[in-house]
1. Let's test the formula: R0 of 41 Å, r as the Cβ-Cβ distance of Leu199 and Asp143. What FRET efficiency results, to the nearest 0.05?
2. Give me the dipole magnitude in Debye, nearest 20, for the chain about the Cα centre, with unit charges on the beta carbon: positive for Lys and Arg, negative for Asp and Glu.
3. Enumerate the amide H contacts of Thr121 below 5 Å, restricted to partners 5 or more residues apart or on another chain; note that Pro and chain-start residues carry no placed amide H.
4. For Glu275, enumerate residues with amide H under 5 Å from its amide H, sequence gap 5+ or separate chain, H modeled in the peptide plane.
5. At 7 Å along Cα-to-Cβ for each site, give me the label-to-label distance between Thr207 and Trp20 in nm.
6. What are the ³J(HN,Hα) couplings of the range 244-260, residue after residue, when phi is run through the Karplus curve with 6.51, -1.76, 1.60 and θ = phi - 60°? Round to Hz, x for glycine and proline.
7. Suppose every Lys and Arg Cβ carries +1 and every Asp and Glu Cβ carries -1, with no other charges. What dipole size does the range 1-150 come out with about its Cα centre, to the nearest 20 debye?
8. In whole Hz, what ³J(HN,Hα) sequence does the range 228-240 give by Karplus (6.51, -1.76, 1.60; θ = phi - 60°), x for Gly and Pro?
Amino acid sequence: MHRDLRLTAVGRRYGIRGPWVLRGVDLAVAPGTLTRIEGANGTGKSTLLRLLARLDAPTEGRITGRPRTAYVPERFPSALPFTAAGYLTHLGTVHGLSRADAARRAAEWLERFGAGAYAGTPLTRLSKGSSQKVAVAQALLGDPELLVLDEAWTGLDTAAREELERAVAERTAAGGAVVFVDHDPGRLAGMPDATYTVLDGGLRARTDGGSPPAGPVTVVVVRGAPGGPLPPEAVRIALSTEETGPGGHRLTVPVSRSDVLLRTLLTARPPWHVERVEPAGAPPPDPGSRP
C-alpha cells in the first residue's frame, strides 16, 4: 500500500429517500496502520467497512485510493459449490496466482488456522467455526494491501483467534493497512494506531488512547549498531520501545505478536542480535551468572 485510502465528506443511505446511515465521514487509512472502528449495533459500522472495501459506493462524497483489498464479512456465505481448498484455490487464481501457487497457499493458510483436516470438505458441511477459518484464509492468501475485518474473530477457537492476531501484525509490518470491528473491547487492545467511534451517523476519533493492552506481553532485548535506529516495522509492532544503551533496545510486545517482531528484527538489513526474550515483569539476569 503506497498511499492513503481517504474518505472525504462521505455519506451513505439506502434508497432515494431512505435515512442517512452515515454522513459527513472523513477518514484516512495510511499504509502500515491498524485502525479500530467502534460503535453500538446498528450505528453503521458494517456500512463503513463495506465502503472502505469498495463493496458499496457512497451516496455522496468521494473515496480516493485503490489498495488491493480483502474483506471478511460478519457472515460468510458458505452455501457455495466448493470444498474448502477448492474455494481458496479458485480465489487465489482470481487474485492472479498460478493454480499451483494458489493451491499451495490455500493449504498453508488452512494449516495455520487449524483447518487443514477439512481441506477436502464441502463448504456446506463445515461448522460455523470452520467456515469462518475459510473466510479469514480467503482474505489473507492474496497478501492484501488493505485488510477489512468485520467481526472476523467471531466463531474462531482460541488458537485461530491468536493466529489471526499474528496475521494482522504481519500485514501491518509488511506495510499493509488493517481496519477492524470486533465486539470484544480487549481485541488487539493497545495496538491500534487510531480508534474511531461511529455515532449519530458520523465518525469521531477517540483521543484517550483506547484500551490498555490485554493479555500477556513479552519483552525482547536486542542489540544493533550504536546509533542505528530500530526498523520502522518493529516500532509499529511493539507496544513500547526503550533505548538501554549504545545500540541496545528493550521492546515490549503482546505475546501474539512476538514471533512477528522477532522475524522482523532478524531479517532486517543488517539483522539485529536478539539478546533475550522474557515475560514482562521477569527480573533482569544476574550479570555474574553464566548462560
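1. Numbers: r = 34 Å, r/R0 = 0.82.
Efficiency computed from Cβ-Cβ geometry: 0.75.
2. Numbers: 35 positive and 30 negative charges, 171 e Å.
Using Cβ point charges on Lys, Arg, Asp and Glu, the chain gives about 820 debye.
3. Close amide H contacts, sequence-distant or interchain: Ala84, Ala85.
4. Val221, Val222, Arg223
5. Those two pseudo-labels are separated by 2.3 nm.
6. So the J values, rounded to whole Hz, are 9, x, x, x, x, 9, 10, 10, 10, 8, x, 3, 5, 10, 5, 5, 5.
7. Working: 21 positive and 12 negative charges, 66 e Å.
Here the range 1-150 has a charge dipole of around 320 debye.
8. These are the phi-based 3J(HN,Hα) values: x, x, 5, x, x, 5, 5, 5, 5, 6, 6, 6, 8 Hz.
Coordinate-derived values only; no laboratory data. What you see is a predicted model; the values in this text were computed from it and never measured. Every residue, glycine among them, receives a Cβ derived from its backbone with ideal geometry; neighbour counts consider all protein chains shown.
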